[in-house]
Each structure stands twice: as C-alpha cells, then as structure tokens.
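Asks: Below are the structure tokens for one structure; questions will follow.
The values are calculated or read from the model by the stated rules, or taken from the named source; none is laboratory data. Just so it is clear, the structure is predicted and the values come from calculations on it, not from any experiment. Ideal geometry is used to build each Cβ from the backbone, glycine not excepted, and the neighbour counts take in all protein chains shown. Note: accessible area is taken over every heavy atom of the protein model, side chains too, but ligands, DNA and RNA are not part of it. Shrake-Rupley method; radii C 1.70, N 1.55, O 1.52, S 1.80 Å.
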Amino acid sequence: MERDSFNFFDRTGRYFSCALILFFLLCTASPVYAVKGVYDWAFVKLDYMRQEKVDKLKTLCSRTHELALRVSEDPLVRASFDINLQFLYAGRRGTIPDELDKRVSELRKSFDSYYIENYFTFYNIMFIGTDGDIIYSTRKEPYPDNNLLTGDTKDSALSLCLKNKPQKEMFVDFQYWKPSNEPAAFFIEPLHKDGVHTGWIILQCAVNKFNTILALTEDLGQTGETFLVNRKGYMLTESNFKGSSTILKKRLDDRNIQAKFTEGHGHRTVTDYRGCVAFSSFEVVSFMGTTWLVVAKVDRDEIITQHYTRYRRYYAEKLLSYLKDSNLPPPSNPVPSFQKPAIRIDMDEFLKAGKGERLHTFGISTCTGLLAAYPGKFAYMAHISPMDRLYGKDETNLLGQMIKKIKSFDTYRSERRHVIFVLAAPHLESLLAAVDKLVEEGFLLAQIRVMYNSKADKAAMSYDYVSNELTVSWSTKNNPAEKTGYLMQDTRNVGEIIRSIMQSEEKSL
C-alpha cells in the first residue's frame, strides 16, 4: 500500500512537472502565448520593486521614529537640555563667570561626542526654548537672531509648526532648510519638567537616507526608476535621468500625481516628466500625518524592446514583412535645400558634425545610409558598403565605431535615450543586423527609424542636427533627374511597428 501510494504521488509529481515544462516551452517558443501578458508581467515586476521600496521606506521611518522617541526620553539628553537652558537664562541675567563658561563648553563637547556615538542618524539635534530661542545645536549652523520664530527661518514649515506650541510630538515633512542649505525633515519632541512645558528637542533628518533606499533599481533595466513624491507633487529623491538635483525642484504633472494620491495604489500608463510613455506602479504611504507617493516605473519602449529580443527571430520576419507591405507616404516635393555648407561622407566612411555643420551622402544603392544623432547637439553619418559587418563581412564595422564614440565621448548614460538612428536604403539587407547591434548596445527599438523605398534605385541623405531636419531623396534608373524627397516624419519607427504587431496579435487571441 505504501509503495502504491508512493508511486501514485511520484507519477503525479512527474506529470505536474512535465505539464509545467510543456507550458514553459509553449510560452517561450512562440510570442503568441506570451504577448497578451507582456505588459502584465511588466506591472508584476514593477509591483515587486515598488513593494520592496515601500517596505524599506516604512522600516526606515519606523526606526527613525523609535530613535527620536529614545532621544526625547534619554536622561543625558534631557539633562543637557536643562543645563543649556539655565546657561542661556544666566547669560541674560548678567555676565557668566569664566569657570562656568568653561564647564558648559566641556559639557557641550561631551554631548557632541555622545550624539555622534548614539544618535548620528539625525543630521542635527537642536534644543529650542518655548519662545523659539535656539538654546543649542550640535551642528552649530548660523541662525540669524538665534531664534526660529523671529529669524530668517520664521516662515519655514518647522517654525510655523512651533508657533502653534505643539504639546505632542510632530513630524515636519521635507522642505528646503536654509541654515543647512539642503532639504530637511524634522521630528519635534516636546519637553516638560514638573508639568511645565520647557521647550522642544528638534531632530533634523537629511534626505540622503531616503534617496539611498529609492535610488537603486538595477532590476528595472535602463529606463526604470523608483522615486518618492510629496503631496504637492515635488520629487523627494533624485531622478536617474537628470544631471542636476531634482529633490524639491522637479514638480510632476498634477493630473498624474494627484490622481495617484486619490487612488492610493495601483497601476497607470503615463507620459512621464521626460516625455516618455511609461508603465508605473504606485502606492501612497502615510507617516505621522504626512503622505508620500512611492512610484516604480519603466518605459513602455524598453518592455517592447525586451519582448522583441526574447522572440527576435519571430518578430524580425514580421518587421521585414511589415516594411515590404507598407507604402511610403506621398513625397515631400520639392526636396528642401539647405543653405549651410555640407560635410560629405563617402563610401566606407563616417563623419561627425558637432559645430553646426550639415551632413550629406549620396549614391546609396546596394549600400546603407546611416544617421546617428542627438538632435541639437551632434550627429554622425555613415555610408556603409556591402563589405561591412552589417552585411556579414569583416572589412568595416562603421556602426560599431559610431556607437563606441557616442558612448565614450558624446553622451552620458542618461542621455543615450535621446539618440536616434535612421537607416536609409532601397533594400532591407542590413536592417536586422543593425537593429540587433543597437539593441545589444542598450538602445531601444523606438530609437531606430527606417527609410525604405523598394521602388527606388538610389538615395541621397542629408541632415542638419541643429534643426533636426532630415531629407532622403530617391531616384530611379529610368528617370535619374526626377527626385522624390522624404523628411524625418516620414521615417518608420521600429518600436512603433513592433508595438502595432504585438497589439494585433493580442487582439487575435
């Protein structure tokens, strides 16, 4: 009986394992089984990352709050507050003896060491009297008038809160704090002695600890990030894609942010602060009367690129078929003429424009014209022959060289999203190799554009990066003098093509 039971469960386990393996193979063998859920899986990943950040944020807040309570109850801290308060009053009554001044100075040095050893989590500890006087500050930063209620800080969130004479602990959300010249939040811990309110212990929190737990998002790819937003819509953490600080400086779209605060948690597809369509997972977190929004997001274009890469062979064929079956729009005649001098690119050559020059190449037939540009900043143009690596040969590797220069000298990592690539040719022989190389180098499908005209024999390509004006003019053997011109808006976006293919397949399921 035991042997039969074991065999039954053993067989059942094997059947279940085989079913899982079969399901996995089906899902990985064809995108038809996976396309319907590709965006769903993106949101699952975002949910996981968002929840991880929420948990870390709550843990940080909880631990910091516990430490703030410990400070307010610490006998040494309270005794130090009393001594400094009496010292302040003694100074107001008259001249302080040198011996007393020396002993208080020694006491303060001792307290500073105690603060560093036990409460260095807080950027600063301040002792504040009931009239707003700054009795003592471990950071010893300059405070005009030495008073929070009457000095330069009188209109700050901290001072406005103290004006209400809080008799229970309070938390003041992050705002710019002039004495420290940086954003800061505060715990306000009231002190009482013999039933009389004597003042407050103010514990200053730096924003860098919050930024640290939100900043690391390696699992979300190159366009993913998590960040914290306050109730007014300002970022409380640094953007992964801005060179300058965004903390309390970058205000996000009210229509997006306030709707998220209202909903509490969920998913949204939004146009983010960089102008990119992004998937976002969000949750509102409350702490001591303050509400924040935790957001995890990733560009839709990156999800599409990842999906294409996973099923590259399948979508490569679809991409070629789409381009072959689609017609070019009506030509933009007459062909625009550029006034500024042009840098001419010959076959097997690529050159850079970075001082306002225009780039130009012609005679593209069995070859490929390739543009790599950061509109407004620089551009490269190449005339790639059939002896290049894009055609399976080894004499040249122009695209690889261009990418190396762009990554090494021309852009920061956060700027590469702005680079666009345009391939122009009367054939599609080099397209898939170029797409593979660009994706492999970390660029997205949405950054790749194609100008393909099977009815033409030759093309000329001209580009002005300052105005982002591209012209591709086509000619035929039968009528070489007659040229048809197309502009940047006439190019086909590879990312959009793949997205449309994915959508049509999803509808067919």
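Asks: Could you give the nm distance between label points at Q167 and L69, where each point is 7 Å from its Cα heading toward the beta carbon?
Replies: 2.1
Asks: Can you tell me which of 107-120, 87-100 comes out highest on packing, and rank the rest after it, using the mean Cβ neighbours within 10 Å? Intermediate results must be reported in sequence, preceding the final value.
Replies: Details: 107-120: 13.9, 87-100: 11.1.
Result, highest mean Cβ count within 10 Å first: 107-120, 87-100.
Asks: Sticking with this structure for a sec: Once you charge only the Cβ atoms, +1 for Lys and Arg and -1 for Asp and Glu, what is the size of the charge dipole of the chain about its Cα centre, to the nearest 20 debye?
Replies: Working: 67 positive and 63 negative charges, 159 e Å.
Computed about the Cα centre, the dipole is about 760 debye.
Asks: Would you please put 485-494, 382-391, 257-266 in order of how densely packed they are, using the mean number of other Cβ atoms within 10 angstrom per residue and starting with the highest? Numbers along the way, then the final one.
Replies: Values: 485-494: 18.4, 382-391: 21.4, 257-266: 15.0.
Those peptides, ordered most packed to least, come out 382-391, 485-494, 257-266.
Asks: Work from the charge dipole of the chain (Cβ charges, +1 for Lys and Arg, -1 for Asp and Glu, about the Cα centre) and give the residue of L67, L162, A42 farthest towards its positive end.
Replies: Towards the positive end, the residue furthest out is A42.
Asks: Using only alpha carbon pairs under 8 Å that are at least six residues apart, calculate the relative contact order of the chain and give it in whole percent.
Replies: This gives 11 percent for the chain.
Asks: Have a look at T198, A215, F287 and report the one farthest towards the positive end of the charge dipole of the chain, computed about the Cα centre with Cβ charges (Lys/Arg +1, Asp/Glu -1).
Replies: My answer, from the dipole projection, is A215.
Asks: So if each residue of separation counts as 0.36 nm, and I subtract the Cα-Cα distance between Y114 and D436, what length gain in nm does that give?
Replies: On the way: separation 322, 0.36 × 322 = 115.92 nm, distance 5.93 nm.
Once the chain is fully extended between Y114 and D436, it gains 110.0 nm.
Asks: About its Cα centre, how strong a charge dipole does the stretch 234-373 have in debye, to the nearest 20, once Lys and Arg get +1 and Asp and Glu get -1 at the Cβ?
Replies: Numbers: 20 positive and 15 negative charges, 36 e Å.
Computed about the Cα centre, the dipole is about 180 debye.
Asks: Please go through the residue pairs K324/K405; K140/K209; K140/K249 and name each one whose alpha carbons sit more than 29 Å apart in this structure. List each step's numbers first, then the result.
Replies: Working: K324/K405 33 Å; K140/K209 22 Å; K140/K249 27 Å.
Where the Cα-Cα span goes over 29 Å, the pairs concerned are K324/K405.
Asks: Which percent of the accessible heavy-atom area of the stretch 153-281 goes to carbon and sulfur, probe 1.4 angstrom?
Replies: Working: 2850 of 5860 Å².
In the stretch 153-281, the share of accessible area belonging to carbon and sulfur is 49 percent.
Asks: Also, I was wondering about something else. In the stretch 406-487, what is the count of Lys pairs whose alpha carbons are under 25 Å apart, counting only pairs at least 8 residues apart or on separate chains?
Replies: Working: K407/K437; K437/K458; K455/K477; K455/K483; K458/K477; K458/K483.
Summing the qualifying lysine pairs gives 6.
Asks: Based on the alpha-carbon set only, what is the convex hull volume of the chain divided per residue, in Å³? Mind showing how you got there, number by number?
Replies: Numbers: hull volume 132.7 nm³, N = 509.
Roughly 261 Å³ of hull volume per residue.
Asks: Normalised by the number of residues in the stretch 78-233, what is the relative contact order in percent for Cα pairs under 8 Å and 6+ residues apart? Show your work: numbers first, answer last.
Replies: Details: 191 pairs, mean separation 26.9, N = 156.
This gives 17 percent for the stretch 78-233.
Asks: Over the stretch 377-509, with every protein chain in place, what whole percent of the accessible area is carbon and sulfur at 1.4 Å, could you tell me?
Replies: Values: 2690 of 5830 Å².
Reported share for carbon and sulfur atoms: 46 percent.
Asks: Where in the stretch 440-455 does the label zone of E218 land, with the point 7 angstrom along Cα→C-beta and an amide N cut-off under 20 Å?
Replies: Counting only backbone N, you get 441-443.
Asks: Go ahead and estimate [θ] at 222 nm for the chain from helices alone: -39,500 (n - 2.57) per DSSP H run with n ≥ 4, summed, over the residue count, rounded to 500.
Replies: Working: 12 runs with 187 residues, N = 509.
Calculated from helices alone, the mean residue ellipticity at 222 nm is -12000 deg cm²/dmol.
Asks: Considering only DSSP beta bridges with both partners in the chain, what is the antiparallel share in %, to the nearest 5?
Replies: Working: 85 of 94 bridges.
Bridges in the chain that DSSP calls antiparallel: roughly 90 percent.
Asks: Okay, next question. Positive end of the charge dipole of the stretch 424-509 (Lys, Arg +1 and Asp, Glu -1 on Cβ, about the Cα centre): tell me which of A446, Y486, L431 has its Cα farthest that way.
Replies: Value: Y486.
Asks: A further question follows. I'd like the distance between the alpha-carbon centres of the stretch 391-428 and the stretch 89-123, rounded to an integer number of Å.
Replies: The distance from the Cα centre of the stretch 391-428 to that of the stretch 89-123 comes to 63 Å.
Asks: Could I ask something else about it? What percent does the relative contact order of the stretch 401-484 come to when contacts are Cα pairs within less than 8 Å and at least six residues apart?
Replies: Working: 92 pairs, mean separation 20.4, N = 84.
Relative contact order of the stretch 401-484: 24 percent.
Asks: Next up: For the chain, with every protein chain kept in place, what is the accessible area per residue (1.4 Å probe, Å²)? Could you put the intermediate results ahead of the total?
Replies: Working: 25780 Å² over 509 residues.
On a per-residue basis, 51 Å².
Asks: Could you pull out which residues in the stretch 163-199 have an amide N less than 15 Å from a spot 7 Å beyond the Cα of R231, following the Cα-Cβ vector?
Replies: 170-175, 186
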